[in-house]
1. Cα extents of region 17-59 along the three principal axes, largest first, in whole Å?
2. How far is the Cα center of region 64-88 from the Cα center of region 1-56, in Å?
3. So what's region 2-86 giving for Cα Rg divided by 2.2 N^0.38 Å, two decimals?
4. Cross-link list Lys7/Lys39; Lys7/Lys65; Lys21/Lys72; Lys39/Lys61; Lys39/Lys73: which exceed 21 angstrom alpha carbon to alpha carbon?
5. Treating only the Cβ atoms of Lys and Arg (+1) and Asp and Glu (-1) as charged, compute the dipole magnitude of the chain about its Cα centre; round to the nearest 20 debye.
Amino acid sequence: MSHLLAKMHGAHFPDSEKSLKAVFLEHTAEGIFLEHLWKNREHEDEVLFPFRTMNLERAKKYLNKVNMEAIKKDPAVELPEFTFLEGN
């Protein structure tokens with residue numbers, strides 16, 4: 001199983017939670033499962049949210065597509081920073 005960690009700067013925690021709930025079914029259909037949603041206590045405008053996935057390459061492809069679509073709609077959009085993690 002693989003994980004990816006998303007980090008949003010300049011984020012508002014309740015808005016992040018609402019946005020993630022809105023795309024829950026889409027993420028699930030792509031094999032991406034939200035595990036937690038955290039606010040960084042030292043940086044109040046930073047939200048972190050790890051996902052688990054069985055297919056890291058599929059997740060990366062999907063997220064790249066979603067990000068490119070978001071940039072087309074709004075070139076100034078703030079996107080999460082992703083770290084892709086594999087373990088034993």
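Every read-out reported here was derived from the displayed coordinates using simple, explicitly stated rules and does not represent laboratory data. This is a predicted model, so every value here is computed, not measured. Neighbour counts run over all protein chains shown; Cβ positions are idealised from the backbone, glycine included.
1. Here the Cα extents, ordered largest to smallest, are 32, 20, 13 Å.
2. Spelled out, the Cα-based centre of one part sits 12 Å from the other.
3. Dividing the Cα radius of gyration by 2.2 N^0.38 Å gives 1.05.
4. Lys21/Lys72; Lys39/Lys61; Lys39/Lys73
5. About 300 debye.
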